[in-house]
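Participant: Got a structure for you, written out below as structure tokens; questions coming shortly.
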Amino acid sequence: MSDLATQLTTLQQSAPQTIATVDSLEGLEQLRVKFLGKKGELSQILKGMGKLDASERPRLGALANEVKDAVQLAIEETRSRLLAAEIAAQLTAETLDVTMPGVYTPQGGIHPLNSTLDQVLDIFVGLGYTVARGPEMETDYYNFEALNTPADHPARDMQDTFYLSDGNLLRTHTSSVQIRYLENHQPPVRIIAPGRCYRRDTEDATHGAVFHQIEILAVDQGLTFTDLKGTIQAFLAQIFGDVPIRFRASYFPFTEPSAEVDVQWRGRWLEVLGCGMVDPNVLKGVGYDPEVYTGFAAGFGLERFAMVLHQIDDIRRLFTSDLRFLRQF
Ligand code: DAH
């Protein structure tokens, strides 16, 4: 047997044995390169082929192919074995113990103010109203003047205002949105305007310096107090259910006539909102002819509604973010 043939046969026997003992995929790759790589042992042996007699070449070529196949087979077998072992190890390491106690992931809830707001918005959107918003920093004009409350008007004392050094103020009510919206839209107008308001009331159980109001405004031809009453009744019935309500004559500078509305709730009359027919002066101020258009408006505090609905005794609970309180909702 020629020298080359011996070398090939030796490789055919030794390589699979070496390969079978390897214990990692990286080690296996190194062996593949060592035996079958471009500069590997098989290539080195085959370099000697050129010196062979032409008659010997086919036999040796066939032998070389046999060696190559044998080494490749050994590599594939070992690769399968190593992969299977790897998966088995992974499965053992990652076994899931379904009897272990779970990890508690707390879930947030909807804040009672937000859920009350959503409820109110749903009702008015269902009645065809559009949600409108305005700035919290306002000018005297939008907060008072245009709402028929000039500088010397006694009603300004009803709302203890935060004035800013630049002459602007923090809006004391969402009624300012009425003017901003009417300035830019044509009747028919039907809006609901929720938002934050500010007053210098000293804080107590039922008043905060920051609070939320919801403003309702409808302006069209032929709207009457009956439309106002029907709208308020339908709204309150959806919020409080079938409870008695009453309209009491009241006063607001921007409505005429004006009323306050009470609902009977757990045996007591509770005041829940102010409302009225939009004062002709307000309509005139934004360029609407009060002989052609009439409107009604209403405004109420969101906190008040949330407190009544959820039996909350102190308004400050709505803002102090005490989880023991919030988790109840
Ligand atoms: N803006 C009033 C307040 O803050 C509430 C109010 C009363 C709004 C009557 C209205 C209304 O739109 O018609 O006390």
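Participant: How would you order 40-53, 273-286, 115-128, 303-316 from highest to lowest mean count of nearby Cβ atoms within 10 Å?
Facilitator: 273-286, 303-316, 115-128, 40-53
Participant: List the lysines whose Cα sits under 21 Å from the Cα of LYS47, skipping any in the same chain fewer than 8 residues away.
Facilitator: Cα-Cα hits under 21 Å: LYS34, LYS38, LYS39, LYS68.
Participant: Taking 7 Å along the Cα-to-C-beta vector as the label spot, tell me the SER321-ASN184 distance in nanometres, rounded to one decimal.
Facilitator: Going from the SER321 label point to the ASN184 one covers 3.1 nm.
Participant: Per residue of the chain, what 222 nm ellipticity follows from adding -39500 (n - 2.57) for every DSSP H run with n ≥ 4, rounded to the nearest 500?
Facilitator: It lands at -13000 deg cm²/dmol.
Participant: Now for a separate question. Scan segment 170-252 for trypsin sites (Lys or Arg not before Pro) in coil per DSSP, keeping those whose Cβ has at most 15 other Cβ atoms within 10 Å, and list them by number.
Facilitator: Here the trypsin sites (Lys or Arg not before Pro) that fit, given the DSSP loop and packing criteria, are ARG200.
Participant: If you don't mind, another one. For segment 3-93, I need the span (max minus min coordinate) of the C-alpha atoms along each principal axis, in Å, sorted largest to smallest.
Facilitator: 59, 19, 15
Participant: Shifting gears a bit: For GLU94, put the label point 7 Å out on the Cα→Cβ axis and report which residues of segment 1-39 keep their amide N under 20 Å from it.
Facilitator: Residues 25-26 qualify, since their backbone N sits under 20 Å from the label point.
Participant: Quick one: compute the contact order of segment 7-121, relative version, from alpha carbon pairs under 8 angstrom and 6+ residues apart, as a percent.
Facilitator: 33 percent
Participant: Roughly how large, in nm² to one decimal, is the mean projection of the convex hull of the alpha-carbon atoms in segment 194-316?
Facilitator: Reported value for the Cα convex hull: 8.2 nm².
Participant: Let me ask you something else. Please compute the net charge surrounding GLU203, taking Lys and Arg as +1 and Asp and Glu as -1 over other residues with Cβ under 13 Å from its Cβ.
Facilitator: Charge balance in the 13 Å sphere: -1.
Participant: Turning to a different aspect of this structure: Quick one: pull the percent of accessible area on the chain belonging to carbon and sulfur, 1.4 Å probe, ligands and nucleic acids left out.
Facilitator: Of all accessible area on the chain, carbon and sulfur atoms account for 52 percent.
Participant: Taking only protein heavy atoms into account and a 1.4 Å probe, give the accessible area per residue of the chain in Å².
Facilitator: 56 Å²
Participant: Follow-up question, since we're still on this one. Which three semi-axes in whole Å describe the equivalent ellipsoid of segment 112-326, each the square root of 5 times a Cα gyration tensor eigenvalue, listed largest first?
Facilitator: Largest first, segment 112-326 gives 26, 22, 16 Å.
Participant: Related question: Which order do the peptides 101-109, 5-13 come out in when sorted by mean C-beta neighbours inside 10 angstrom, highest first?
Facilitator: Ranked from most to least packed, the peptides come out as 5-13, 101-109.
Participant: Now for a separate question. In percent, what relative contact order does the chain have, based on Cα pairs under 8 Å that are 6 or more apart in sequence?
Facilitator: Computed value for the chain: 14 percent relative contact order.
Participant: Sticking with this structure for a sec: Place a +1 charge on the Cβ of each Lys and Arg in the chain and a -1 charge on the Cβ of each Asp and Glu, then give the dipole magnitude about the Cα centre in debye, rounded to the nearest 20.
Facilitator: 1200 debye
Participant: Quick one: work out Rg over Rh on the C-alpha atoms of segment 51-98, Rh as Kirkwood radius.
Facilitator: 1.49
Participant: Oh, and also: In nm, give the distance between the simple-model label positions of TYR141 and ASP118, each being 7 Å from the Cα along the Cα-to-Cβ direction.
Facilitator: If labels sit at TYR141 and ASP118, their model points lie 3.9 nm apart.
The values are calculated or read from the model by the stated rules, or taken from the named source; none is laboratory data. Predicted, not measured: the structure shown is a model, and the values here were computed from it. Don't worry about glycine lacking a Cβ; one is built from the backbone with ideal geometry, like all the others, and counts go over all protein chains shown. For the accessible areas, the whole protein counts, side chains as well, though only heavy atoms, and no ligand, DNA or RNA atoms are used. Shrake-Rupley method; radii C 1.70, N 1.55, O 1.52, S 1.80 Å.
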